[in-house]
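The values are calculated or read from the model by the stated rules, or taken from the named source; none is laboratory data. Everything numeric in this text was worked out from a predicted model, so none of it was measured. Neighbour counts run over all protein chains shown; Cβ positions are idealised from the backbone, glycine included. Areas reflect the complete protein model, heavy atoms only, side chains present, ligands, DNA and RNA absent. Shrake-Rupley method; radii C 1.70, N 1.55, O 1.52, S 1.80 Å.
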Amino acid sequence: MNKLLPEIFIWPFIIGLAYFSIIVLYRFVRWTLGLSKIDKIRIWKGLRSRKTLDSAIEAFREGLLHRKIFRTNPVLGYMHMSLAFGWFLLIVFGHFEAVAYKGSLSFPVYLPIFFRFFVDGIETYPFMHFFASLMDLLLLFVLSGVSLAYYKRFNKKLFGMKKATRLKSGDRIALTALWLIFPLRLLAESFSAGQLKNGGIITQPLGNLFSLFVPLELTTPVTWLAYSFALGFFFVSLPNSRYMHIPAEVFFIFLRNYSVRLKKRVNTYSLVQVFSCSRCGICLDTCQLNLANIHTQSVYVLKNIRNKNLTDEVLFNCLLCGKCQQVCPVGIELIDLRITQRIESTLQYNSSYSYLAGGEVKQADVVYFAGCMTHLTPSIKKSMLQIFAYSGVDYWFMDEHKAPCCGRPLMQAGQYDAAAVLIENNQQKILASGAKKLVVSCPICYKVFIEDYNLPDIKVQHHSEYLFELMQMGSLPKRLTSEKSIYHDPCELGRGSGIYDKPRKLLSNYTSLIPIMNEKEKSLCCGGSLSNIKIQMSERDIITNNALDEYLQYSPDSLITSCPLCKKTFARGNKIMVKDISEVVAASIVQKNKSNACADKKVLEQAL
Amino acid sequence: MGKFGFSVMETRTVNFGELDNRLLGYVLENEASFLTCISCGGCTATCSAGNLIDFNVRKINLFLRRCDIESLAREIDKCMLCGKCTLVCPRDINIRNVVMLIKKGIVKFRNE
């Protein structure tokens, strides 16, 4: 039987595998060579360290078991795991099986893949029945994932998803091939089992059944050929489809663990991240732009970068709230990737701000930088000044009258060189003040002061952190009211800077906070973000009102935030009292002053 | 006109036939909300850059409409993109996008 048929049917698989290997190897080499010299040294050092083992473990956990997707949705996680891990086990045990069969480590590369076609008389070899049944069970495991994948096309809700990504033609070919591989393998193995009696607990009964009414002489080679073609097509289409994420993600995990980082300009590490996107679409559902019917989510940006057709309309229409980055199972740095793309796209038109020179400087212990947005919400500014006066701090209000912007809005818009000019100007003044602390009222400013300013020996604090510190030192009055409030995490302070607990601990001295569903890492964006250059105000209103409606479900007395822009945006919704955290603290000072005044008055009256 | 002793000064004329209005078209096409500007001056009043130097958002609109690209390029360079203008605008005009479009457009049409 074997001799009658030439082994021609293995060639689609062999050609596909060879093409795939060459392209992937070429890309890995090109990506590595494109990294900066320091990054190459990092990799070289990392290769011989523990990081390599850690990366391998992480690659196994995320690339095969898909632990993070399990956390998003168990059914979705199972689907990915059964396909990836199941296939991996099929390959591994397939090789063990071939070793047991051959009794040596040398066998042709295609033998484990088309094993049942070649194996005759399994009784004479060791463990063959065991392997046959094990392989059948593994195949069943993979097939359960494939059938879930079929089903997902009709019912996404079971997988916790409302939206799925739109497919390109390359993706379609790869997807169809992938869907066909395993059913064809089951059929081919069953047909062979019908002829050669070499099947396991599933393929053997199936084979016996088929042998009753199927002309196995004819169907067996044809099905194996089809199986080989499905594999070949999958491998050939892989490098140009989203399935390139399989090798790229592993590569990405290693580079990340070797401390390679994104730069302010696009380099091959950005490309590695772009290619690591599996277009799973988990970022789609989490994006609040959906509410305004805007479809510029991270997965599409990465796809456009790969296809070299990214437009400004897509690139700049994003709130940079960071929700997608939080849920991305691959851990792609979606915000920084988008910002570097913005930097690249606006390189030709940065501002010089030649009019900026020096400026007034005062000596003080604390520098207070309110920020542009705080100047639009004067109650925050007023509250902070009250608190400074109450606690007797020696401070300098840096941007009280004249000071340039902090530079973060320019940074978000990709105007890196322009932002650097503003940063330099502010930096010099802050250093000249001799202060040990910089207090900032706006989380947008806070982030740029932390990340892009060079302020050695100066502690930068957002005012919520600073007030918390004052509270701990006993410099602020505590006054718990009966008010119930919701704390809204600003994107730049929460997901952007990881400050969640200090504002909450501070507020617990003044009001009782209602725990809500979307808080901390999952908190909503107010819709006002300066990062979005393209969105219209009417579209922002939809996002704002939706967030407000969610908060109103908990019927709070007030909404407390710690960002002037969030406050301004929510106040525009006109649905609930919106306060800044500094106002809550300042209100207790005013109250205390009032009661002191009353006491003084009583003393005075008694004296009279 | 000569009869009455009046003449038209060169510097005070705008010849619409000769204007290069590609930039104006580009900006309005990509940010239509700018058409609704009522020149109220709210943006200029709140402007962070305007607080430091002579900078007027309304002048930008004027230069753009007069297709005076040179003056426009000089003025637009001063904007710090802080976004206060966008927040105070009573017409909800996306002024930051207007600024970015002008910056991009100047380079784009200079090269064409």
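Below, the figures for the structure above:
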item	result
Phi-based couplings in Hz for segment A:291-300 (Karplus 6.51, -1.76, 1.60; Gly and Pro marked x)	4, 8, 6, 9, 10, 10, 5, 3, 4, 6
Contour excess over end-to-end distance, with Cα ends at residue A:379 and residue A:261 and 0.36 nm allotted per residue	38.5 nm
Residue A:107-residue A:211 FRET efficiency (beta carbon distance; Förster radius 35 Å; 0.05 resolution)	0.80
With every protein chain in place, segment A:483-585: carbon and sulfur % of accessible area (1.4 Å)	48
Whole-Hz ³J(HN,Hα) from phi, Karplus 6.51 cos²θ - 1.76 cosθ + 1.60, for segment A:321-338, glycine and proline x	6, x, 5, 5, 4, 5, 9, 4, x, 8, x, 6, 7, 5, 5, 5, 4, 5
Relative contact order %, chain A, counting alpha carbon pairs below 8 Å whose residues are six or more apart	12
Sites matching trypsin sites (Lys or Arg not before Pro) across segment A:102-169 that sit in DSSP coil, with at most 15 neighbouring C-beta atoms within 10 Å	A:162, A:166
Mean ellipticity per residue at 222 nm, deg cm²/dmol - from DSSP H runs of n ≥ 4 across the protein assembly as shown, formula -39500 (n - 2.57)	-17500 deg cm²/dmol
Interface size B-A, as summed buried accessible area [1.4 Å probe, Å², nearest 100]	2700
Sequence-distant residues sharing a close amide H with residue A:368 (under 5 Å, placed H)	A:396, A:397, A:398, A:439
Inter-label distance, nm, simple model (7 Å from Cα along the C-beta direction), residue A:120/residue B:39	9.5
Label point distance in nm, residue A:100-residue A:597, each placed 7 Å from Cα along Cα→Cβ	8.9
Equivalent ellipsoid, chain B (semi-axes from 5 times Cα gyration tensor eigenvalues, Å)	27, 18, 14
Distance in nm between pseudo-label sites at residue A:38 and residue A:362 (7 Å out along the Cβ direction from Cα)	3.8
Span from the segment A:444-497 Cα centroid across to the segment A:313-357 one, whole angstrom	24
Among A:536, A:595, A:512 - extreme Cα towards positive end, dipole of segment A:493-608, charges at beta-carbon	A:595
Surface accessible to a 1.4 Å probe, per residue, for the residues of segment B:20-110, Å²	41
Ratio of the Cα radius of gyration of segment A:513-560 to 2.2 N^0.38 Å, where N counts its residues	1.25
At R0 = 25 Å, FRET efficiency that the Cβ-Cβ distance of residue A:166 and residue A:521 yields, to 0.05	0.35
Pairwise centroid distance, computed over Cα atoms, of segment A:38-70 with segment A:241-308, Å	18
Listing of segment A:384-404 residues, each with accessible area lower by at least 50 Å² in the full protein assembly than in the chain alone (probe 1.4 Å)	A:402
Modelled FRET efficiency - R0 56 Å, residue A:133 with residue A:555, Cβ distances, 0.05 increments	0.40
Angstrom value of the Kirkwood radius, inverse mean 1/r, which spans all Cα pairs in chain A	28.2
Length gained when the stretch residue A:218-residue A:150 is fully extended (0.36 nm per residue, less Cα-Cα span)	21.6 nm
For residue A:459, residues with placed amide H under 5 Å, excluding near neighbours	A:437, A:438
